[in-house]
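Read the structure below first, then the notes.
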Amino acid sequence: MTGPAPQPKFRRDYQPPAYRIDHVDLHVDIGEGVTRIGSRLSIARDRAAAADAPLRLDGRAMQLQAIRIDGEPVPESDYSVDAEGLTLSAPPAAFELAIEVDVDPDANTALEGLYRSGRILCTQCEAEGFSRITYFPDRPDVMATYRTRIEADAGRYPVLLSNGDRVDHGTLPGGRHFAVYEDPFAKPCYLFAMVAGDLAEVADTYRTGSGRDVALRFYTDHGSENELGHALHSLKQAMAWDEKTYGLEYDLDTYMVVAVGSFNMGAMENKGLNIFNTSCVLASPDTATDGDYIRVRDVVAHEYFHNWTGNRVTCRDWFQLSLKESLTVFREQQFAADHGSPGVTRIEQVRMLRDIQFPEDAGPNAHPVRPESYIEMNNFYTITIYEKGAEIIRMLHVILGHEGFTRGVQHYLSEHDGGAVTIEDFVTALEIANGADLARFRLWYSQAGTPVVTVRDDYAGGRYRLTLSQHTPDTPGQTDKAPLHIPFGLGLIESDGRAVDLGERSLLTLEQPEQSWTFEGLSARPVPSLLRGFSAPVRVEYDHRTEDLAHLLTHDSDPVARWEAGQELALAAMRAAVSAYQAGEALPDPTALIEAVARLLGDPPADHELLAEMLTLPTERRLADQYAQFDVDAVVASHGHVKRQLAAALQTRVEDFLTGPSAGGYRFEPAEVGRRRLNAVALDYLAAGDASGIDALCLALYHDADNMTDRMAALQALRDRPGPARDEAMAAFAERGRGHALVLDKWFSLQATSRLPGAVARVAELDADPRFDATNPNRVRALVGSFARGNLPGFHQEDGAGYAWLAGHIRQLNELNPQIAARLVTPLAEWAQVAGPRGTAMREQLAGLAGASLSPDVYEMVTRALD
Ligand code: PHE
Ligand code: ZN
């Protein structure tokens, strides 16, 4: 971690590998502490490479024990080893390289490579973790078939798994045993996986459309096997969906999923052997909320969809990460829309994009969906690569139409099956399959920053004229951006609530700096419904009339635009309060908002989930994002003010939405999800409005709840309300968390996000709690992540203690788990967006970190933030 500053890699420097590795034979010998890994690699020099080309193998955190070429030890003069790898100076044109190394999974707190999660040994290789397992060219364009033999103590590790099919297994002397796996599909090393542990198994079968039986095997620690049913069911739904929608079948005879409690990300699509964070696979009514059920379903589907979009066709280099992620996220989104309320599914995506991706794209970490350079690849698993990337795919879906898009994806997959390709290859395949020209559209991949579309309109004599202009702001390293191809969904709504039939013009194509459209034959000025479906990841600037927004909130048939109208009304009320706050005036009543919401409740949408969504106010973060620099105190006060006023006005109306436990127990189905969601919104408003008896009501609901969703709704409502009801419910909940890590995470998260005074002192106390564990990423996210991202007033406590507390965690994690540490830099990196001395204090913490000895991960995030 000390030494010269880490250097960036550049996309433009890509060189194809000089040597191919066609086959990998791995022997993993799990011992006490140390694990010995033997590899035999079948290597051939590429015809295009020079005859004396050296062979570079990456490798970190391992001890080389032996190295042989075609069975002969390699003389020391023919190779060299450094901290990052091993170089063979002039190997033969084709040979077998045998290497033995020792690694220590118990000492591996970075959770990359081979590591221990509780009693399970497992691997994580994306992006560059395989080079912590053995010396290997750790890059996705080197693809090989794998045969993996694992040997371990039969008592401690009765279950041994790797990619592909088990072809052999047996017992060995000394209480040991072994298993051999073969994966017939050539894959990049980032898709390698192995697991050893004492695991419970839940099995099922899926019959593919062509009539093949696939064995599905899910593994988890003993005791939680009853929490796998939902994930298993979701996997079968995903398998059927991909056959029906894209004509894609699974290609191996077994599909395995293993749940581990210590995992840096959500889940990993290793070929035939997914490894999941427990938080994304385990679910039972008692431990998981509806939101968790949805996440499990969608992450299971996501990892499954990667089998084609990621595994069968993978990325040439990591600058192309979005190639596999954006397409897979989009497929996941299509799947989610087909299995729930499509409108609500879309609204949730828009909310996340606005609350997290837009700020990223406006700050020091703004980067194109296809980045030009990086220091540590792990820092580029961002919401921009994933979610903005998925928005780009969605625009292609809109532009090409469902059939054209699907045909394009199928063409891409058949054209590049077995290959490691680029985003350019993908776009070209879509063009070829559709006879389309996406030249301008490609700019979405290279230009960072959220485009702003400014809307002007006028109406006279039956003609309505709409003018759109676009501009993309400068981002680090990028200025003077070109106009993009923006598909812009449009509706025009007449005063009686009917929509004008726009035909093809319900989707406008904006590709110039400015364009106008004229609509004739209207009897009065229509109300524009803008960016319907959130057809492009842009900010719309339009001087909305309040009465237009109220009209849209009751009449818009597009759920996203309808929801958006309510959000805009609320934001307008909050902005007015911010101005008043800053001028030292009394905060104005949000009268227009209250009236519009009252009207909405008079004629609510039938979909309860949609109604709940429409009643949910924009977050403080979204309000903050309305300003180039935001005033923390004004944002918190104004958001709270509008919410309290609305809550007071709605009190008697929302009481109708309170429901007790469902008859017949918990069911995860749309109508029930909607009902519980509305119940939670009602409780939230009653608490915000300080309704009489609310504490007792919440406590009763907490105790009566027969599922985690209702229990969390009661706890959320009590979270900021000091008193015996809160104390009792929180204590009872902590008790529930005793034997269940994911439940305890929820408890930590509730403490971290509570608005009760003394927030920093409270989280600092939890640092020392024996239940806090800095080596477990879920626990770190529950305490540190929730506080820094979900407690705006607490994190921005005026004395700067919140910033210092976060910086302390970053320092500690920098040693333990750099990947997680680097992610926690983001809240401080927003310093330039925070007005006043707070912004300065945040920057000081970053400067302090910059003075320490840092991992490349944290170094990159800190230096970018200080630039
Ligand atoms: N590739 C995983 C996914 O998106 C995410 C991941 C990245 C997991 C890096 C672990 C490490 O499905
Ligand atoms: Zn993915």
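FYI, it's all coordinate maths here, none of it is from the lab. Just so we're clear, the structure is a prediction, and the values are computed from it rather than from any experiment. So basically every Cβ, Gly included, is an ideal-geometry build from the backbone, and we count neighbours across all protein chains shown.
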Checklist entry - Once amide H atoms are placed 1.01 Å from N in the peptide plane, what residues at a sequence separation of 5 or more from ILE120, or on another chain, have their amide H within under 5 Å of its amide H? => result none
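Going highest first, how would you order 422-431, 492-501, 711-720 by mean Cβ packing within 10 Å? Could the numbers behind the result be given before it?
Working: 422-431: 20.3, 492-501: 14.4, 711-720: 22.5.
Put in order of decreasing packing, that is 711-720, 422-431, 492-501.
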Checklist outcome for this item: Between ARG440 and ASP165, the two model label points (7 Å from Cα along the beta-carbon direction) sit apart by a distance in nm of 5.2 nm
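Quote to one decimal, in nm, the extra length available between MET352 and HIS703 on full extension: 0.36 nm per residue of separation minus the C-alpha distance between them.
Details: separation 351, 0.36 × 351 = 126.36 nm, distance 3.17 nm.
Result: 123.2 nm gained on full extension.
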Next on the checklist: If I model a spin label at GLU514 and ARG407 as a point 7 Å from the Cα along the Cα→Cβ vector, what separation in nanometres do I get?
Outcome noted: 3.8 nm
Item to check | Radius of gyration, Dmax [the chain; alpha carbons; angstrom] | outcome: 27.8, 93
Checklist entry - How large, in Å, is segment 774-867 by the Kirkwood hydrodynamic radius built from its alpha-carbon pairs? => result 12.9 Å
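Find, among the trypsin sites (Lys or Arg not before Pro) in segment 99-163, those assigned to loop by DSSP (not H, G, I, E, B) with at most 16 other beta-carbon atoms within 10 angstrom. Present the calculation step by step, with values, prior to reporting the outcome.
Working: sites: ARG116, ARG119, ARG132, ARG147, ARG149, ARG156; in loops: ARG119, ARG156.
Listed in order of number, the matching sites are ARG119, ARG156.
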Checklist entry - Tell me, what HN-Hα J-couplings in whole Hz come from the Karplus equation 6.51 cos²θ - 1.76 cosθ + 1.60 at θ = phi - 60° for each residue of segment 647-662, using x for Gly and Pro? => result 4, 4, 6, 8, 2, 5, 6, 6, 4, 4, 7, 6, 10, x, x, 6
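Under unit Cβ charges (Lys, Arg +1; Asp, Glu -1), what dipole magnitude, rounded to 20 debye, does segment 344-472 have relative to its Cα centre?
Numbers: 12 positive and 17 negative charges, 118 e Å.
So the dipole magnitude of segment 344-472 works out to roughly 560 debye.
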Next on the checklist: Compute the angle between helix 591-602 and the longest alpha-carbon principal axis of the chain, please, reported from 0 to 90 degrees and rounded to the nearest 10.
Outcome noted: 80 degrees
Next on the checklist: Could you work out the relative contact order of the chain? I mean the mean sequence separation of Cα pairs under 8 Å and 6+ apart, divided by the number of residues, in percent.
Outcome noted: 9 percent
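Hey, what does the equivalent ellipsoid look like for segment 598-692, semi-axes from the Cα gyration tensor as sqrt of 5 times each eigenvalue, largest first, whole Å?
Working: eigenvalues 155, 48, 32 Å².
They are 28, 15, 13 Å, listed from largest to smallest.
Taking K and R as +1 and D and E as -1, what net charge do the other residues with C-beta under 10 Å from the C-beta of LEU756 add up to?
Details: positive: ARG719, ARG721, ARG726, ARG755, ARG762; negative: ASP720.
That sum, taken over residues with Cβ under 10 Å, equals +4.
To the nearest 20 debye, what is the magnitude of the charge dipole of segment 330-385 about its Cα centre, counting +1 on the Cβ of each Lys and Arg and -1 on the Cβ of each Asp and Glu? Intermediate values should be presented prior to the final figure.
Working: 5 positive and 8 negative charges, 35 e Å.
My answer is approximately 160 debye.
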Checklist entry - Which angle from 0 to 90°, rounded to the nearest 10, does the C-alpha axis of helix 321-338 make with the longest principal axis of the chain? => result 50 degrees
Item to check | Gained length - ASP22 relative to SER853, 0.36 nm times residue gap less alpha-carbon distance | outcome: 295.2 nm
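Take the residue pairs LYS324/LYS746; LYS388/LYS746; LYS244/LYS324; LYS244/LYS388; LYS187/LYS244; LYS388/LYS481 and return only those whose Cα atoms are more than 23 Å apart.
Details: LYS324/LYS746 31 Å; LYS388/LYS746 28 Å; LYS244/LYS324 20 Å; LYS244/LYS388 26 Å; LYS187/LYS244 26 Å; LYS388/LYS481 17 Å.
In this structure, LYS324/LYS746; LYS388/LYS746; LYS244/LYS388; LYS187/LYS244 exceed 23 Å between Cα atoms.
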Next on the checklist: Just to check I understand the Karplus step: with θ = phi - 60° and J = 6.51 cos²θ - 1.76 cosθ + 1.60, what whole-Hz values come out for segment 763-778, glycine and proline as x?
Outcome noted: 5, 5, 5, 5, 3, 8, 5, x, 7, 7, 9, 5, 8, 9, x, 4
Item to check | For the chain, with +1 on Lys and Arg beta carbons and -1 on Asp and Glu, the positive-most of ASN277, LEU468, ASN814 along the dipole | outcome: LEU468
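Rounding to the nearest 20 debye, state how big the charge dipole of the chain is about its Cα centre with +1 on each Lys and Arg Cβ and -1 on each Asp and Glu Cβ. Walk me through the numbers before you get to the answer.
Numbers: 82 positive and 124 negative charges, 104 e Å.
It comes to approximately 500 debye.
For segment 101-200, rounded, prolate or oblate, judged on the Cα gyration tensor with a ≥ b ≥ c (square roots of eigenvalues), a/c < 1.5 rounded, else prolate if a/b > b/c? It would help to have the intermediate numbers written out before the result.
Working: a/c = 2.10, a/b = 1.29, b/c = 1.64.
Oblate shape, in that a/c is at least 1.5 and b/c is the bigger or equal ratio.
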Next on the checklist: How charged is the neighbourhood of ASP857? Take every other residue with its Cβ under 10 Å from the Cβ of ASP857, and add Lys/Arg as +1 and Asp/Glu as -1.
Outcome noted: -1
Next on the checklist: Just to confirm the number: angle between the C-alpha axis of helix 546-555 and the first principal axis of the chain, 0 to 90 degrees, nearest 10?
Outcome noted: 70 degrees
Item to check | Three-way shape label, segment 619-670, alpha-carbon gyration tensor, a/c 1.5 | outcome: oblate
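Output needed for segment 1-153: three equivalent-ellipsoid semi-axes, defined as square roots of 5 times the C-alpha gyration tensor eigenvalues, in descending order, whole Å.
Values: eigenvalues 128, 75, 45 Å².
Value: 25, 19, 15 Å, ordered largest first.
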Checklist entry - Among VAL24, VAL34, ALA50, which residue has its Cα positioned farthest towards the positive end of the charge dipole of segment 9-50, with +1 placed on the Cβ of Lys and Arg, -1 on the Cβ of Asp and Glu, and the dipole taken about the Cα centre? => result ALA50
Checklist entry - Between GLN63 and ARG721, what length in nm is gained on full extension when 0.36 nm per residue of separation is reduced by their alpha carbon distance? => result 231.3 nm
Item to check | Ranked by how many other beta carbons lie within 10 Å on average, peptides 660-668, 807-815 from highest | outcome: 807-815, 660-668
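Given a Förster radius of 41 Å and the C-beta distance between ALA154 and LEU658 as r, what FRET efficiency does 1/(1 + (r/R0)^6) yield to the nearest 0.05?
E(calc), rounded to 0.05, equals 0.15.
With only alpha-carbon atoms in the gyration tensor, what are the semi-axes of the equivalent ellipsoid for segment 712-838, in Å, largest first?
Working: eigenvalues 119, 71, 24 Å².
In descending order the semi-axes read 24, 19, 11 Å.
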Checklist outcome for this item: Listed by chain and number, the residues whose amide H is under 5 Å from that of LEU617, excluding neighbours fewer than 5 places away on the same chain and using placed H, are none
Item to check | Rg/Rg_ref, segment 529-676, where Rg_ref = 2.2 N^0.38 Å and atoms are Cα | outcome: 1.12
Checklist entry - What order do you get for 461-473, 746-758 when each peptide is scored by the mean count of other beta carbon atoms within 10 Å, highest first? => result 746-758, 461-473
Checklist entry - Hey, if you put +1 on the Cβ of every Lys and Arg and -1 on every Asp and Glu Cβ in the chain, which of PRO6, ALA649, ASN108 ends up farthest toward the positive end of that dipole? => result ALA649
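Looking at the square roots a ≥ b ≥ c of the eigenvalues of the Cα gyration tensor of segment 308-457, which shape do they give, rounded for a/c under 1.5, prolate if a/b is larger than b/c, or oblate? Spell out each step's value before the answer.
Numbers: a/c = 1.41, a/b = 1.14, b/c = 1.24.
In terms of gyration-tensor shape, rounded.
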Checklist entry - What would the Debye formula give as log10 I(q)/I(0) at q = 0.15, 0.20, 0.21, 0.23 Å⁻¹ for the alpha-carbon point model of segment 164-254, no solvent? => result -0.78, -1.21, -1.26, -1.32
Checklist entry - How large is ³J(HN,Hα) for each residue in segment 212-222, as worked out from phi by the Karplus curve 6.51 cos²θ - 1.76 cosθ + 1.60 (θ = phi - 60°), to whole Hz, x for Gly and Pro? => result 8, 8, 10, 7, 9, 10, 10, 10, 7, 4, 4
Checklist entry - Given a cut-off of 17 Å, what percent of all Cα-Cα pairs of segment 689-771 lie beyond it? => result 46 percent
Checklist entry - Calculated from DSSP H runs of 4 or more alone, at -39500 (n - 2.57) each and per residue, what is the 222 nm mean residue ellipticity of the chain, nearest 500? => result -12000 deg cm²/dmol
Checklist entry - Got a sec? Which residues in segment 464-478 would a label at ARG498 touch, if it sits 7 Å along Cα→Cβ and we count backbone N under 20 Å? => result 464
